[in-house]
Amino acid sequence: MDNYPISSNSLDKFYSINGNQFGQQYKEHLSDYRHWEQKAHADDWILFPGNLGSRLSIDETSLSNGELYTIVTNKAAKGKRGVLVAMIKGTKSQEVVAVLKKIPEKLRRKVEEITLDMAGSMNQIARQCFPRATKVVDRFHVQKLAYDALQEMRIAHRWDAINEETNALDNAR
């Protein structure tokens, strides 16, 4: 910076961007938001059938203000562009099924595997919308079940040891 007549403070001001203004400009002029075909229902659901793949994940999530959404993702996209298949407000199976059935059945039948948690509603959604898919319980829930079972066994053995010790003390008296 020594060769330039402009100080670094001046450059910081020159290069600073108002994030709110930039976001608004993007939304209004660059993103084609006003002409988006899903705009009318985007508060309740959005679908991207072109992102559907043979291996999906379905789960619920809570956004910042506590609203629950059901999210369907394409595992092949690995978190990059094209991962989102559907985002639906709520977790009630019939409401989610109604939205997912807007995807042509021919595409939904191509799904071979769907990863989900053990919630009954998620199982029902998978069964009704992706009838040919093999259902796989996600790794997190399997690990949690194993951990909970191990904890239960550990506590039971601990109580057995305490009872044994108490009995030994009573017998010694």
Max mean-square fluctuation residue, GNM over the chain, Cα-Cα springs under 10 Å, options Ala149, Ala98, Ala40
Ala149
Rounded to the nearest 20 debye, dipole of the chain from Cβ charges on Lys, Arg, Asp, Glu:
980 debye
If you count, for each residue, the other Cβ atoms within 10 Å and average over each peptide, how do 19-25, 83-89, 104-110, 128-134 line up from highest to lowest?
83-89, 128-134, 104-110, 19-25
Just His35, His141, His157 to compare: in a GNM of the chain, with alpha carbon springs under 10 Å, which one fluctuates most?
His157
Residues whose built amide H sits under 5 Å from the amide H of Val85, excluding neighbours closer than 5 in sequence, are Val72, Thr73, Asn74
Decide, for region 40-142, between rounded, prolate and oblate: order the square roots of the alpha carbon gyration tensor eigenvalues as a ≥ b ≥ c, take rounded if a/c falls under 1.5, and otherwise choose prolate if a/b is larger than b/c, else oblate.
rounded
Treating only the Cβ of Lys, Arg, Asp and Glu as charged (+1, +1, -1, -1), what charge dipole size does region 40-142 show about its Cα centre? Round to the nearest 20 debye.
580 debye
Relative to the longest principal axis of the C-alpha atoms of the chain, give the angle of the C-alpha long axis of helix 120-129, reported between 0 and 90° and rounded to the nearest 10°.
50 degrees
Per residue of the chain, what 222 nm ellipticity follows from adding -39500 (n - 2.57) for every DSSP H run with n ≥ 4, rounded to the nearest 500?
-12500 deg cm²/dmol
Among Glu112, Glu28, Glu60, which one shows the highest mean-square fluctuation when the chain is modelled as a Gaussian network with alpha-carbon springs under 10 Å?
Glu28
Whole-number D in µm² s⁻¹ for the chain, Kirkwood Cα-pair radius fed into Stokes-Einstein, 37 °C, 0.692 mPa s:
158 µm²/s
Relative contact order (percent) for the chain, with alpha-carbon contacts under 8 angstrom and 6 or more residues of separation?
16 percent
Label region 105-170 by shape, choosing from rounded, prolate and oblate, from the square roots a ≥ b ≥ c of the eigenvalues of the Cα gyration tensor; if a/c is under 1.5 it is rounded, and otherwise prolate applies when a/b is larger than b/c, oblate when it is not.
prolate
Under the Karplus relation 6.51 cos²θ - 1.76 cosθ + 1.60, θ = phi - 60°, what is the ordered set of whole-Hz ³J(HN,Hα) values for region 88-99, x standing for Gly and Pro?
10, 5, x, 10, 5, 4, 5, 5, 5, 4, 4, 6
Any idea which of Ala42, Leu52, Gln124 is furthest toward the positive side of the dipole for region 40-142, if Lys and Arg beta-carbons carry +1 and Asp and Glu beta-carbons -1?
Leu52
Between Asp138 and Gln24, what length comes free when the chain is fully extended (0.36 nm per residue of separation minus the Cα-Cα distance, one decimal in nm)?
37.2 nm
How much length, in nm to one decimal, is gained on full extension between Asp44 and Lys102, taken as 0.36 nm per residue of separation minus their Cα-Cα distance?
19.5 nm
Of the options Leu100, Met87, Ile17, report the single residue whose Cα projects farthest towards the positive end of the charge dipole of the chain (beta-carbon charges: Lys, Arg +1; Asp, Glu -1).
Leu100
Diffing region 54-71: the Karplus 3J(HN,Hα) column from phi (6.51, -1.76, 1.60, θ = phi - 60°), in whole Hz with x for Gly and Pro, holds 7, 10, 10, 10, 9, 7, 10, 9, 10, 7, 4, 9, x, 6, 8, 10, 9, 10
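Since every read-out is calculated from the coordinates, none of them should be taken as a lab result. Remember, predicted model here, so these are calculated numbers, not experimental data. Every residue, glycine among them, receives a Cβ derived from its backbone with ideal geometry; neighbour counts consider all protein chains shown.
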